[in-house]
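The values are calculated or read from the model by the stated rules, or taken from the named source; none is laboratory data. Nothing here was measured: the structure is a model prediction, and the numbers come from that model. Cβ placement follows ideal geometry from the backbone for every residue including glycine, while neighbour counts extend to all protein chains displayed. To get the accessible areas, we keep the full protein, side chains included, count just its heavy atoms, and leave off ligands, DNA and RNA. Shrake-Rupley method; radii C 1.70, N 1.55, O 1.52, S 1.80 Å.
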Amino acid sequence: MRVLWSITEESRTRKAELKGGWNMGLFEPAWKNRKLKPGDPKHRQKIVNSINKLGTEEELLEVLCTSPLESARIEALDRLSTERALRFALEQFPEGFSDGLYDPSSAKKRIANRILMRIIQIPPWDNKRLRESDFQADEEVLSTLKHLVDESQNSTVRDAAYDRYHRLVDYQYYCMKMSSPEGRFRMAETAAERVEALKECRDEKVIIGALYDNEYLVREEAIRRVRDHHAFVQWILSGSVIIPIGAETFQNKFDELDREVLETLINGLQKIRSEDVSYEILLKRTCRKLGHIPGGNCFCIRCGEELPHNFDENGVCKICRARYVEEEEIMTEARVQYAKRTNRRIEYPDGRVKHLDPETRILVDDSTMRWLFPND
């Protein structure tokens, strides 16, 4: 009987132990249950409900440091006061902090960044907040981040704070630059973006620099905007003019140049030659505005343009002795003399000949011309 009682008692004890263990598993807080899946809405609610039952920050810290569920840790972190979260960020993570976490290294980084987000509400990419503050970052935010970089005992937090601090400073600088047309011009990646920025630009140095841009559209807008005519002339004389001399934008700016600037231009144009730019055209146009200097051969001694001759009654120029010659030619088709063409030329004393455009006079009416040339 005693043996039987012993066996029975032992069995009851064992059952009680098993029952107690089962009850402990059944009533274990959800934030400790590694079998729960935060992606499941029901499981997620269980985790939140279990954390709702916690009443102190020490209990929240226990979840933050020991829960096998990353979502539970973040939920607890979000309920800590800012002061307690900052104090925790300055401390070393407790031993075994990563135990039970899936992908511990990445989880620690995510939690460290979440700690910073909990302390500092303005993220680096919050452009609206920066614009509202005229791109002046919150000094308290920068100070807090710098304090964590310098003082935190936790390398993961230090790295996260360092990254966030520099991203915020860099983005602040970027936004400040983008708030001005000069900044947008310097940071633009396409010609169209540079042109749009240049339209609002007031910085003459930026506009002058745009004259040397590789893109035609940017150079064209810079020509419109440039106010320093001496800088415009120096750009022409630099050999960097990749815009057609005959372009309307270029010619409009050229027409604004005063006599002093034109003198600087023509003195420089007489000294340079380029295969890419027809400086001869510009030289002659500049010389016409300033006034040609005639030579003994009826050519301008400065730009070489031919000047008007002074022919006498025999067709001989009184200045250079060139001879003006006209020769008439009757044009015939189908035995009909339909036109008279006068060929004209100038013969110079040195043997050169310049052919002028001929003059043609029609000798028949329109119906005859249509009969003679039905396909024209």
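Quick notes on this structure:
- Once the Cα-Cα distance is subtracted from the 0.36 nm per residue extended length, the GLN92 to THR368 segment shows a gain of 88.5 nm.
- In this rough spin-label picture, where each label sits 7 Å from Cα along the Cβ direction, the GLU28-THR249 distance is 7.3 nm.
- Gyration tensor verdict on the stretch 79-124 (Cα atoms; rounded if a/c is under 1.5, prolate if a/b is larger than b/c, oblate otherwise): oblate
- Over the stretch 288-376, accessible surface divided per residue gives 71 Å², non-protein components excluded, 1.4 Å probe.
- Global geometry of the stretch 53-95, whether rounded, prolate or oblate, following the gyration tensor of its Cα atoms and the 1.5 cut on a/c: oblate
- Anisotropy class of the stretch 248-330 from Cα gyration tensor, a/c 1.5 cut: prolate
- On a per residue basis, the stretch 163-236 carries 54 Å² of accessible surface, using protein heavy atoms and a 1.4 Å probe.
- Among the GluC sites (Glu not before Pro) in the stretch 266-332, those placed in a DSSP loop whose Cβ has at most 10 other Cβ atoms within 10 Å are GLU275, GLU313.
- Listed pairs LYS32/LYS53; LYS37/LYS108; LYS46/LYS109 exceeding 21 Å between Cα atoms: LYS46/LYS109
- Counting only lysines at least 8 places from LYS354 when in the same chain, those with an alpha carbon closer than 29 Å to its own are LYS271, LYS284, LYS289, LYS318, LYS340.
- Extension gain (nm, one decimal) between HIS355 and ASN375, 0.36 nm per residue minus Cα-Cα: 4.2 nm
- Here is the list for the stretch 270-376: trypsin sites (Lys or Arg not before Pro) lying in DSSP coil, each with at most 15 other C-beta atoms within 10 angstrom of its C-beta, are LYS271, ARG273, LYS318, ARG321, ARG335, ARG352.
- Annotation: per residue accessible area for the stretch 43-122 equals 49 Å², rounded to a whole number [probe 1.4 Å, protein chains only].
- The trypsin sites (Lys or Arg not before Pro) of the stretch 187-221 meeting both criteria, a DSSP state outside H, G, I, E and B (loop) and at most 16 other C-beta atoms within 10 angstrom of the site's C-beta, are ARG202.
- Portion, in percent, of the accessible area of the stretch 161-269 that falls on carbon or sulfur, probe 1.4 Å: 48
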